[in-house]
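Since the structure comes first, as structure tokens, the remarks are kept for the end.
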Amino acid sequence: MKTYLVKEGDTLGEIAEAYNVSVEHLLSQNLGIKDPDIIKVGMIIFVGNELLHTVVEGESLSQIGAFYRVPWRDIADFNGIDDPDLIHVGQRLYIPGEIATGFHPVWPTDYKTITQRYGANPDWAAYRRLGGHEGTDIRARYGTPIYAIERGTVTSTGNHPAYGNYVRIQHPEGFSAVYAHASELLVKRGDIVTRGQEIMKAGSTGNSSGPHLHLTLMKNKERVNPEEYLPLDGVDYL
Ligand SMILES: [Zn+2]
């Protein structure tokens, strides 16, 4: 559980901004704060992305997990529950992971360089009569982590002649993404992943001239330019 110790001059709004959560979220996590304008120096505030759930009559841990789309075992572990049958009405459970709604992608590699842009039409694409690059290529050294850009459900994994070892994830708000050219896959179909979770190791399998991540992004099954959604601060171009 991430916490923050309130210092002189802090406001809840600034703390929320610093931890990339909303003031409403902080208030829901910190029931001791009655008035958002009054926080006291020395107060400890929960600032994680977790949600707080209060168990109601007849609810089971697996139902709660299904509701939040989080494996119930993760909820049990996160709350130190040994026996999932022993939850009780009124109990407060922290729901781990990135539950915030919306599509707010994070950068998927440890390297902020785009090596080939969406729509690029290099000689090889023209030669093969392809319509141009249908994703964004991002630098990643061999074997380094590739992260899910947003939470979601793994809808397929496998090996494809062009993509090599790939993972396809259904993200919120109609977005889906293919992550390609992995040396190793770390998730399987049906897995629920959190934003920023490592899903594979970078590689150069399939139609690839060297280790990198190829990311195809779709919105309602239409390809879109990943650069319009990824956080581009600090990014450079090869
Ligand atoms: Zn590519």
For this session: Filter the range 184-238 for residues that are more than 16 Å from the ligand (Cβ to nearest atom), touching a Phe, Trp or Tyr at 6+ places or on another chain (Cβ under 7 Å) and more than 27 Å from residue 102 (Cβ to Cβ) and give the result.
Result: none
Exercise. Are any residues in the range 214-235 in contact with a strand residue (DSSP E or B) (Cβ under 9 Å, 6 or more places away or on another chain) and surrounded by fewer than 10 Cβ atoms within 10 Å (Cβ to Cβ), and if so, which ones?
Worked result: 220, 221
For this session: Those residues that are modelled with pLDDT under 95 and part of a strand (DSSP E or B), I need them from the range 196-218; list them, please.
Result: 198
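Yes or no, residue by residue, for (1) in contact with an Asp or Glu (Cβ under 6 Å, 6 or more places away or on another chain); (2) over 30 Å from residue 227 (Cα atoms); (3) at pLDDT below 90:
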site: 54; (1), (2), (3): no, yes, yes
site: 82; (1), (2), (3): no, yes, yes
site: 99; (1), (2), (3): no, no, yes
site: 137; (1), (2), (3): no, no, no
Problem set entry | Residue match in the range 182-204 (condition: in contact with a Pro (Cβ under 6 Å, 6 or more places away or on another chain) and hydrophobic (A, V, I, L, M, F, W, C)) | yes
Seminar exercise, completed: Among (1) at pLDDT 95 or above; (2) touching a Gly at 6+ places or on another chain (Cβ under 6 Å), residue 146 falls short only on (2)
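Considering 152, 119, which residue is assigned by TED's automatic domain parsing to the domain that holds residue 208 and either within 13 Å of the ligand (Cβ to nearest atom) or modelled with pLDDT of 95 or more (or both)? Let's see the steps before the verdict.
On the way: 152 fails: either within 13 Å of the ligand (Cβ to nearest atom) or modelled with pLDDT of 95 or more (or both).
Answer to the check: 119.
Determine whether the range 91-110 contains at least one residue that is surrounded by 13 or more Cβ atoms within 10 Å (Cβ to Cβ) and farther than 23 Å from residue 198 by Cβ.
yes
Look through the range 50-83, keep the residues that are in contact (Cβ under 8 Å) with a residue 40 or more places away in the chain and more than 19 Å from residue 3 (Cα to Cα), and return whichever of them is surrounded by the fewest Cβ atoms within 10 Å (Cβ to Cβ).
To start, the set of residues in the range 50-83 that are in contact (Cβ under 8 Å) with a residue 40 or more places away in the chain comprises 50-53, 69-71.
Filter again for more than 19 Å from residue 3 (Cα to Cα), leaving 69-71.
Details: 69: 14, 70: 22, 71: 16.
Per the stated criteria, the residue is 69.
The values are calculated or read from the model by the stated rules, or taken from the named source; none is laboratory data. Owing to the predicted nature of the structure, the values given are computational and were not obtained by experimental measurement. So basically every Cβ, Gly included, is an ideal-geometry build from the backbone, and we count neighbours across all protein chains shown.
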